[in-house]
Amino acid sequence: MPISRRQRGAVLLEVLIALTVLATAGSALVTLLDRAVAAQVAARESERRIESADRLLTALSLLSRADLEQRIGVHRVGEFIVRVERPEPTLFRVAIAAAETPLEAMLVTVVYRAPVEVGATSPPILSTARAFARPSIPPTAHLSVRPSARLSVRPSVRFS
């Protein structure tokens, strides 16, 4: 049977509508994929920053009482702002923030350091209280700072 002009026009209109719907769905899918890739990149960068801040916080929490007293205040270390406070005579609060947002702390810990007794023959016992569960940290460590502002920790555990 021959197709009438009216039927051909309706088929053409249906094809145009279908192509428009397909193009709209395709552009929405491309936009969604672009946002997902951007979110993944941002999450990787955020995770890298948190890991770097955690390494710095671990290194600072291993410092002795005298070293922490020298660092009281706000200091820039690489891409971070470090704030060391002493709310109590034996407690030190150490907070790490990104340099771009210095008022928003990324990581915070409170470190206990026993008071230094005059005439003591053995070093005071050091302990740390982390804001989240972590594996045990050696009681003492040597902290070395290079000009690149990277910190490295070399644990030295003494057994008696």
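In table form, for the structure just shown:
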| quantity | calculated |
| --- | --- |
| Extension reserve of the Asp34-Asp54 stretch, reckoned as 0.36 nm per residue once the Cα distance is removed | 4.2 nm |
| Least to most buried among Ile81, Ile3 (fewest other Cβ within 10 Å first) | Ile3, Ile81 |
| Relative contact order (%) - criterion: Cα under 8 Å, at least six apart; region: segment 17-98 | 18 |
| Full-extension gain in nm, Glu79 to Ala105, via 0.36 nm per residue minus C-alpha separation | 8.0 nm |
| Simple spin-label estimate for Leu91 and Ala23 in nanometres, 7 Å along Cα-Cβ | 6.5 |
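Only the coordinates and a few stated rules stand behind these numbers; no lab work does. Keep in mind that what you see is a predicted model, and the values were worked out from it rather than measured. Cβ atoms come from the backbone with ideal geometry, glycine included; neighbour counts cover every protein chain shown.
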